[in-house]
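First comes the structure, then the notes that go with it.
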Amino acid sequence: MNWKTDFNWDLAVKHNSEALKGIIEALFTMLGLVGDATVSRIPKPLHRAVLLVLRPAESTLRRLIIIAARGLVVKVAPSRPMPKGKMIGKGGGSRLPAFQLYDTRKYFPELRQYRRRRPMRNPPRIHVFPYDTLQPAPRPVAKPPPPSDGLVNGERLSRRLQVLKLALDDLPRQARRMARWRIRREAMPGPVFKSPLRPGQPPGRRKRQIHPIDEILKDCHALAWEAMKPDTS
């Protein structure tokens, strides 16, 4: 099959978007979310159950955005200096952040030993005092932890779910964001990465499928890689 001409990309986006929307609605019901309200404290098993689906759902939406942005032509406005006194991501407390368009990269701590270490220009001056002049510092008394009530903070989980729903409800706008993001990345002199998809398996992917989101993520992941291939026809 010729992916560029024979495959119905619009139908694939519509089908998977509807399936993902039903899963998000189920997560809202699990948390009891209505509108833009958040839940402050939820049981730990509920937090784990929602997070088990939320992570692959975020990866699925990211791939749907890539598919929807396929062949999209956008104009990128020139970058402007930030106004004095403004800070990115420090808006009002009730304002939701934009959906992250790229996968979080994996961190390999064992690779840090291969990084080149630069010599210190001004090494610290260390003075050794005689042993008999040192007095042992008093040990701090640790306070006993408060008794656990079996609940955890659910506000961050609520906001992640709301961001996911808002992005899916406005998929064309997210597709334009993705197209502009890729153009800016290509124009950068030395970006850490250019692809919104990280190498290997997507975040939230499981070897054993235990939820319908796993099958949707698998299909969208394959379609996203095909959508990002350059058109050589």
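The values are calculated or read from the model by the stated rules, or taken from the named source; none is laboratory data. Being a predicted model, the structure only gives us computed values, none of them experimental. Don't worry about glycine lacking a Cβ; one is built from the backbone with ideal geometry, like all the others, and counts go over all protein chains shown.
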Of the listed residues (ARG121, ARG125, ARG139, ARG116), the one being loosely packed, with under 10 Cβ neighbours inside 10 Å, among the charged types (D, E, K, R) and modelled with pLDDT under 60 is ARG116
**OP:** Kindly check whether there is at least one residue in segment 147-157 that is among the hydrophobic types (A, V, I, L, M, F, W, C) and not in a helix (DSSP H, G or I).
**Re:** yes
The residue that is farthest from LEU197 (Cα to Cα), considering only those in segment 22-60 that are surrounded by fewer than 13 Cβ atoms within 10 Å (Cβ to Cβ) and charged (D, E, K, R), is ARG41
Discussion item. Is it the case, given these coordinates, that ALA19 is over 21 Å from the mean Cα position of the chain (by Cα), part of a helix (DSSP H, G or I) and in contact (Cβ under 8 Å) with a residue 40 or more places away in the chain?
Written reply: no
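Okay, residues lined up against (1) farther than 24 Å from PHE7 by Cα; (2) surrounded by 13 or more Cβ atoms within 10 Å (Cβ to Cβ); (3) without any contact (Cβ under 8 Å) to a residue 40 or more places away in the chain; (4) under 17 Å from the mean Cα position of the chain (by Cα):
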| site | (1), (2), (3), (4) |
| --- | --- |
| LEU197 | no, yes, no, yes |
| PRO212 | no, yes, no, no |
| LYS218 | no, yes, yes, no |
| ASP231 | no, no, no, no |
Within segment 99-109, does at least one residue satisfy the condition of being farther than 30 Å from ALA12 by Cα, surrounded by 10 or more Cβ atoms within 10 Å (Cβ to Cβ), of a type outside the set (A, V, I, L, M) and at pLDDT below 60? no
Taking segment 164-199 and keeping only residues that are assigned to a helix (DSSP H, G or I), over 17 Å from ARG105 (Cβ atoms) and of a type in the set (D, E, K, R), one is left with LYS165, ASP169, ARG173, ARG176, ARG177, ARG180, ARG184, GLU186
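Yes/no matrix, rows are residues, columns are (1) touching a Phe, Trp or Tyr at 6+ places or on another chain (Cβ under 9 Å); (2) modelled with pLDDT under 95; (3) under 16 Å from VAL13 (Cβ atoms):
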| site | (1), (2), (3) |
| --- | --- |
| ASP169 | no, no, yes |
| ALA175 | no, no, yes |
| VAL192 | no, yes, no |
| PRO212 | no, no, no |
By residue number, the members of segment 158-181 that are without any contact (Cβ under 8 Å) to a residue 24 or more places away in the chain and either of a type in the set (Gly, Ala, Ser) or buried (at least 17 other Cβ atoms within 10 Å of the Cβ) (or both) are none
